[in-house]
Each structure stands twice: as structure tokens, then as C-alpha cells.
Amino acid sequence: MEFFSLVLYLSLTTTLLTLLSLLSRSRAGPKLPPGPAPLPVVGNLLKLGDKPHKSLAELAKIHGPIMSLKLGRKTAVVISSPALAKEVLQKQDLAFSSRTVPNAAHAHDHNKYSVVWLPVADRWRSLRKIMNSHIFSGSRLDANQNLRQKKVQELIDYAGKCCQDGIAVDIGGVIFTTSLNLLSNTIFSVDIANPNQDSAKQYRDLVWQIMVEAGKPNLVDYFPALAKIDPQGVRSRMTDYFGKMFELFGRLIDERLELRRLGESGGEKDVIDILLNINEENNEEIDRTHIEHLCLDLFAAGTDTTSSSVEWAMAELLHSPDTLEKAKAELEKTIGKRKTIQESDIAQLPYLRAIVKETMRLHPPGPFLIPHRVETNVEIFGYTVPQGAQVLVNAWAIGRDPSVWTNPTSFMPERFLDSDIDIRGRDFELIPFGAGRRICPGLSLAVRVIPVMLGSLINSFDWKLEGEINPEELDMEDNNGQQPDLLVAAPQLTPDDARSLLSF
Ligand code: HEM
């Protein structure tokens, strides 16, 4: 049964009990944050609508920046202001640092190994330490930046070929492929996605399907008693998708182990070498199962977040030709017309960096971050967040809060030119990567890759929307972090530029 029909059915059959529920809510006990009156059984599920970050931002205008809801059997607390986000993610960080694990994450016991879903305890700390020191440290990222540069050049070559052939580019699609290959090269030194090869295309589709499935509401998460039935089949599909990814990782790890046995690989070429080295030194710290689950985490958390940010930035720039012109002028002046950007150029490109921040302010890829959870009752701003509650920090609403931002819904990168506000988890009015101990460990990679891909795309070509679409007609409404239009645009070059830029 469809998710919303099932919710509706449950709601209609139980509406008569609303009064009882309201009475029980008013009984003395911990002071829950205010919120809309729940219906029996379904609670406030129907209030979520198809864009929960928007619906909850609207509800927060009525009930306040800390609000409690009943989502089926679960209590959720929604945070919608920078001051409360600071309390949750910094001042009382530890108390709020656990996770509500979605049912789908139990596929292949992923929740028992995954850095995303483990509670803050020894195993999680050890995985975070490995990521911070060995995968995402500045020196490590400096060491493998050529590899990423190569992938960006391939993206530009692909767009250049489309330009020569007069074909438009599915911008979201090629950026997703590039982001996936950037990661697969960083981890395994191979491309796992090639739009022209069916065998490689299947992994691109697989990672995409995992993201789509993870983004859909699953009734089991609100009514755990339904877990055995898996009414929407989410767990079963995730089991299939994860299984295929683990098969791929298993094969790539076996191949690498064989090369190492033959003495043909070693050192610290890529992430898999680093992890196998740590495993050889101390199997307790990370064993093979952990390595495979960590790879899944990196692909699942790092691909779509990166590519949707670049896609949104392109959409905003195509929607706002003046801003695009300013960005092009900065690039032309600083690094030269039609050149691809290097990571070392980013520091000299304040307008490009401002575009990235402004894009993440309006379109954070995870509008609610990754939901947190409290393991005990926690007092905050005079209210009690009850033990076991899910805590949703509405980064999307905070990024559009009119008491914080002037013209909050307008795309105005200029607002960041004279401002110290950054996206690194220090300024709670802008937290696309979260903050505190659960802050995104891939931040340092993302802030290199996103400006390089975006800057190279806009500096290499002029872009024209496909099908005579007027830029103003582009749909800038957020769709749970995804750009709603299929963003298709034709890269354009003057014949002279084409001769100097294109090598094929
Ligand atoms: C967690 C955002 C790219 C790996 C997170 C969280 C957010 C986030 C909001 C949750 C923070 C919280 O719970 O409070 C983003 C954005 C990205 C991005 C906006 C790019 C635009 C990446 C990349 C990787 C990555 C490139 C790795 C390749 C992770 C992991 C976690 C995480 C492993 C889980 C951390 C934990 O639970 O301890 N990210 N991310 N992310 N991200 Fe990212």
C-alpha cells in the first residue's frame, strides 16, 4: 500500500480518539516543547506533506523554534533557530549526538558497522579518527588532488565534446557521475561509473537508487511493529542494493590484496591501501567488514551531497545571469579565460566561494542534517526533550530565517563578501555540514571539490538552457534537497575558444 494512503487510512479510523490523546498530553510530566495536537496513532505524520522541511518550517512559525511532534510511535523535536541549533550541536553536543537508525540501515547489519549510524562510543571514535587523520586530512587531500583534477578535466572534456556535437548536457547526471568517480578514485583508484559503459553504469544507478530509497519516508520508521512486514519493501530493496555494493567492494579489495601479495601495490596510494595498512598493523582497529561498510558510508554520504550542491549552484547561476557574469569575470581575471580551476586557486576566488555558501544556505543537501537522538531526558531552554526522541535540526529553515538573513529567499552571493560567516560548523546560522562531534567528516573534501567543478564548468563554457527555456522559468523550489527540473543546458564556445580549449 502506498505510504500516504496507509497513513490516511490509519488516520481516518482513529480520529475519534483525538480527544483522549489531547487529555493524556495535558497530564503532568516533563514539559515537552510546544507543538501541534497529534491525532491518535498517526500523530502529526500528515502534517509532514511531501516537503517536510518546508511544512515544519511553517509549523515552527506557529509553535516556535523548538517544537515537538508525534510521528507515529516516535516523538520528534524540531529545532529551527541558530540559538537552539548551537545548544543542540555545540553546548549539549554529547547529549544530542546519538542517531535514530532507519529500518533500511539494518540491511546487511550496516547499522552495526556504519560511522553514520553508530552511537558515539569507542567504535565510532575509532572510525572518525581514521577518517580525520588518514582520509580527509589536509596533507592527504593535497597528496591526491591530481587524481581529482583528472576527473574534473574529464568532465570538461565530456562537456566540450557535447559542445562540438551541438548536444545539450544533463548537468545533474554528469556531475553525479563525476562526483562518484572522484570518490571511487580517491578510495580504489578506479572509475566505477562510465555513462558509456553498461557495466559501469549499473553502479552509478545503484548508488543513485540507494540515495532515492534513503530519502523516501518509510512507514516502518514510524511504526516499528511493521518491521517484519516491510510494507513498502524498502528494507528488502536496500538489502539487494547494499549486497551489490558489497560484492563490488569485496572484488576490488581482493584484487588489491592480490597485487600487494605480488609486491605490485603498497604504500598509501589511495584510501583502500591506507585502510589495509591499518588493518595489517591492528586488525582490532579496522577489520575487513568495517572497511567494506566504511566504503558504503563514503559513497552514500559523499556522492549525492556533492553533486546536488554543484547542480543547484549551476541552476541558481543559470537562473540569475548577472551573478553568472560576475562569477565569470572573477575567474577570467584571476585564472584566465577557459581554464579549469585547481584546488590551489580557490583561496583567490572569493566570489566563487560566496556562490557555494549561498547555494548551501538556500539548498542544504540534508535539510534536517542526519537526524540526531537523545538517549536520556535532556533539558533545553526550559523544555524536556524526552529520552529516545528524534531531533531534527531544520538547517533549511535556519538558512531562510528572515530574522537572520535579509531578503532570505533571494540568491545573493554578495552577502558573504564582507562577512565572516562560514559553512564549517562554527556559525549556526549556516550549518549545511552540521556542527559539533557529528559534523560531516567529508567537509574538507567537499569544499575543495565543489568550487573546482563549478568554477571549471562556468569558466570553460557559456551555458544556454535547452529548449529556449527562459532562465526565469527555472524551478528554484527545493524538493527535499534535489533540484526539481532536469537541468539540461548546452555548453557554448566561440570557434576560437573551441580550438584553444578542446584537445579532441
Ligand atoms: C555526515 C553534509 C559531503 C561523509 C554529514 C551530515 C551532514 C553532511 C549535514 C550530518 C551532520 C550531523 O549529523 O549533524 C554534507 C554536505 C556535503 C557532504 C552538505 C557536500 C556538499 C560528504 C563527503 C563525504 C561525507 C564528500 C565523504 C566522502 C559523511 C559521513 C557522515 C556525514 C561519513 C557521517 C558522520 C557521523 O555520523 O559521524 N554530512 N556532507 N560527506 N558525511 Fe557529509
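Return yes or no: is residue 178 of a type in the set (Ser, Thr, Tyr) and within 12 Å of the ligand (Cβ to nearest atom)?
Values: of a type in the set (Ser, Thr, Tyr): yes; within 12 Å of the ligand (Cβ to nearest atom): no.
Considered against the rule, which asks whether it is of a type in the set (Ser, Thr, Tyr) and within 12 Å of the ligand (Cβ to nearest atom), residue 178 comes out as no.
Candidates are the residues of segment 446-471 that are over 18 Å from residue 349 (Cβ atoms) and either within 16 Å of the ligand (Cβ to nearest atom) or not in a strand (DSSP E or B) (or both); the one that is most open to solvent (accessible area, probe 1.4 Å) is 468. Scoring residue 254 on the criteria (1) surrounded by 15 or more Cβ atoms within 10 Å (Cβ to Cβ); (2) closer than 19 Å to residue 192 by Cα; (3) free of Cβ contacts under 8 Å to residues at least 40 places away in the same chain leaves a single failure, condition (1).
Applying a threshold of 6 Å to beta carbon distances and a minimum spacing of six or more residues, or different chains, the list of pairs starting in segment 133-162 at a residue that is closer than 18 Å to residue 447 by Cα and ending at one that is among the hydrophobic types (A, V, I, L, M, F, W, C) reads 134/274; 135/271; 136/445; 148/182; 151/182; 152/452; 152/453.
Taken over segment 264-308, residues that are closer than 30 Å to residue 452 by Cα, open to solvent by less than 40 Å² (accessible area, probe 1.4 Å) and not hydrophobic (A, V, I, L, M, F, W, C) amount to 13. Scoring residue 127 on the criteria (1) open to solvent by less than 50 Å² (accessible area, probe 1.4 Å); (2) at pLDDT below 95 leaves a single failure, condition (2).
Looking for something open to solvent by less than 10 Å² (accessible area, probe 1.4 Å), in contact with a helix residue (DSSP H, G or I) (Cβ under 7 Å, 6 or more places away or on another chain), over 25 Å from residue 318 (Cβ atoms) and part of a helix (DSSP H, G or I) - is there at least one such residue anywhere in segment 140-152?
Step one: filter segment 140-152 for residues open to solvent by less than 10 Å² (accessible area, probe 1.4 Å), giving 141, 148, 152.
Applying the additional criterion that residues be in contact with a helix residue (DSSP H, G or I) (Cβ under 7 Å, 6 or more places away or on another chain) yields 141, 148, 152.
Restricting the remaining residues to those that are over 25 Å from residue 318 (Cβ atoms) gives 141.
Still in the running and part of a helix (DSSP H, G or I): 141.
Yes, segment 140-152 contains a residue that is open to solvent by less than 10 Å² (accessible area, probe 1.4 Å), in contact with a helix residue (DSSP H, G or I) (Cβ under 7 Å, 6 or more places away or on another chain), over 25 Å from residue 318 (Cβ atoms) and part of a helix (DSSP H, G or I).
Restricted to strands (runs of 3 or more DSSP E) entirely inside segment 356-398, those with at least 1 residues that are under 15 Å from the mean Cα position of the chain (by Cα) are 390-393.
The values are calculated or read from the model by the stated rules, or taken from the named source; none is laboratory data. All values derive from a computational prediction rather than experimental measurement. Ideal geometry is used to build each Cβ from the backbone, glycine not excepted, and the neighbour counts take in all protein chains shown. Please note that ligands, DNA and RNA were not included when accessible areas were found on the heavy atoms of the full protein model with its side chains. Shrake-Rupley method; radii C 1.70, N 1.55, O 1.52, S 1.80 Å.
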